[in-house]
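Asks: After the structure tokens below, expect a handful of questions from me.
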Amino acid sequence: MLTATLSTLLGQPEVSAFLRGIVGRGRYANAYLFHGPHGVGKCTAALAFARAALCERVPGAAAAAAGPSLFDAPPATERMLGDDACGECRGCKMSGTLQHPDLKFLFPLSGEERTLEGTIEETLEELRKDPLYVFQYEKAASIRISQTRELIAELGYRPHTASRRVVVVRDCDRMREDQFSALLKSIEEPGASTLWVLTTARLSRVPVTIRSRCQRVRFRPLPESIVRDVLEKADVEEKEARMLAALAAGSLARALAMRDGDMKKLRDEALQLLVPALDRNPAQLVKAIQTVTGYGKAGRERLRMSLEFHQLWLRDALRLRYGAAPETLVNRDQLQVLQKLSSQLDAAEIRRRLLVLEEALRAIDGNVSPDLTLFSTLARVAGDRLGEGAWPALATARWDL
Ligand SMILES: [Zn+2]
């Protein structure tokens, strides 16, 4: 059963208030575009919004479902109308298990056509069992044509039982050109009975024509304390929860995805890179890079985490420099290393390095090779400490990406 409702959305009070306002007034735009960082609850909110819109006890629901008539809307005093899914009516019972005939939920898929049905069912089953289920898919995953064909045909008809049909499209930036066209046609239709709720973490990849016709709803990174709370409730040990929450940079999905990974090993790997750079030891640094770049296929994600750990070290060092209490540091089990670091680097130098890492993290999303990114980044991070000229000449040493 999906338990998330608009009133219980985590860490997005403005979004929650805004959406409840819409439900409470019963006046919907044709399409909403939920955008913001990955893993902050956009899809959860979209499904909660859909459930509220399909609830039979919110304004505009019952009257419209029964068809327009002068007589069938009972006086407002007889009906307690809410601004969120009641969880009890027939509509809520069906939408709570994602089985409402007027709720369509599309998400990116990969794999062969004949396996899609099964993958969809499995995913929905996981989602029903675990409200914290984290969607993970391959880079090439997309909203498949076979998923939208039936839906597009249905758009011309009235909804089955509710007053409107709700279509939630997760990561809508992964739709194809012709799917966007069909979507556009539906959004622009006057008096349409379909409510579109689109989500994206990559707003720039959504065509301008779509963006301009949707009401946009912006989601923010979650506060660290909220991520930590959720992790601890999911039985993650306090110390690890703190580290995961800090590393997740406001994304609960990332924290949850990392929960089962070998955090300490990765963190220590990042340290292996940091220490030689600090000690101006090029030979050691090259050796460390060679270890870390032997990642093979999973390289990109691992590299990202390594760089993020690197950032975390530097942030801790910066906080220590500004007098933060040791127990508030993420890597407080390595206090001595941090103290050394913060005495060796001044604040300006730490910030410079953080910026270099930030650029590298952005570069990883592009089409650069992980090894080159790492070489280039660490050369620049170590830069004026090692002396650019003294940097060891490697066969692959093309620093400037
Ligand atoms: Zn209800």
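The values are calculated or read from the model by the stated rules, or taken from the named source; none is laboratory data. For clarity, every value in this text was computed on a predicted model and none was experimentally measured. Every residue, glycine among them, receives a Cβ derived from its backbone with ideal geometry; neighbour counts consider all protein chains shown. These accessible areas exclude ligands, DNA and RNA; they are computed on the full protein's heavy atoms, side chains included. Shrake-Rupley method; radii C 1.70, N 1.55, O 1.52, S 1.80 Å.
Asks: Consider only pairs whose beta carbons are under 7 Å apart and that are at least six residues apart or on different chains; among these, list those whose first residue lies in the range 85-105 and is within 13 Å of the ligand (Cβ to nearest atom) and whose second residue is among the hydrophobic types (A, V, I, L, M, F, W, C) and open to solvent by 30 Å² or more (accessible area, probe 1.4 Å).
Replies: Here the result reads Cys92/Cys86; Gly96/Met1; His100/Met94, each pair linking the range 85-105 to a residue that is among the hydrophobic types (A, V, I, L, M, F, W, C) and open to solvent by 30 Å² or more (accessible area, probe 1.4 Å).
Asks: Which count do you get for residues in the range 37-59 that are of a type outside the set (Lys, Arg), within 16 Å of the ligand (Cβ to nearest atom) and more than 17 Å from Trp196 (Cβ to Cβ)? Give the steps one after another, and end with the answer.
Replies: Of the residues in the range 37-59, the ones of a type outside the set (Lys, Arg) are 37-41, 43-50, 52-56, 58-59.
This time we only want the ones that are within 16 Å of the ligand (Cβ to nearest atom), so: 47-50, 52-56, 58-59.
Among the residues that remain, those that are also more than 17 Å from Trp196 (Cβ to Cβ) are: 55-56, 58-59.
Going through the range 37-59 one residue at a time, the tally reaches 4.
Asks: Going through Val208, Val217 one at a time, which residue ends up being open to solvent by less than 40 Å² (accessible area, probe 1.4 Å) and among the hydrophobic types (A, V, I, L, M, F, W, C)?
Replies: On the way: Val208 fails: open to solvent by less than 40 Å² (accessible area, probe 1.4 Å).
Exactly one of Val208, Val217 is open to solvent by less than 40 Å² (accessible area, probe 1.4 Å) and among the hydrophobic types (A, V, I, L, M, F, W, C), namely Val217.
Asks: Pairs, please: C-beta under 7 Å, at least 6 apart or cross-chain, first residue more than 13 Å from Leu103 (Cβ to Cβ) and in the range 162-183, second among the basic types (Lys, Arg)?
Replies: Once the first residue is more than 13 Å from Leu103 (Cβ to Cβ) and sits in the range 162-183, its partners that are among the basic types (Lys, Arg) give Asp173/Arg202; Asp173/Arg205.
Asks: Give me the pairs, please: first residue somewhere in the range 35-57 and touching a residue at least 60 places away in the same chain (Cβ under 8 Å) and open to solvent by less than 10 Å² (accessible area, probe 1.4 Å), second residue anywhere and within 12 Å of the ligand (Cβ to nearest atom) and of a type outside the set (Lys, Arg), beta-carbon distance under 6 Å, and either six or more positions apart or on two chains.
Replies: Leu54/Gly91; Leu54/Ser95; Leu54/His100; Leu54/Ala162
Asks: Give the residues of the range 5-33 that are under 26 Å from Ser186 (Cα atoms) and open to solvent by 60 Å² or more (accessible area, probe 1.4 Å), sorted by residue number.
Replies: Matches in the range 5-33: Phe18, Arg20, Arg25, Arg27.
Asks: At pLDDT 80 or above and more than 30 Å from Lys139 (Cβ to Cβ): which single residue out of Leu345, Leu386, Leu314 fits that description?
Replies: On the way: Leu386 fails: at pLDDT 80 or above; Leu314 fails: more than 30 Å from Lys139 (Cβ to Cβ).
Just a single option satisfies the conditions, and that option is Leu345.
Asks: If you scan the range 61-91, which residues turn out to be at pLDDT 55 or above, open to solvent by 40 Å² or more (accessible area, probe 1.4 Å) and assigned to a loop (DSSP other than H, G, I, E, B)?
Replies: Met80, Leu81, Asp83, Cys86, Glu88
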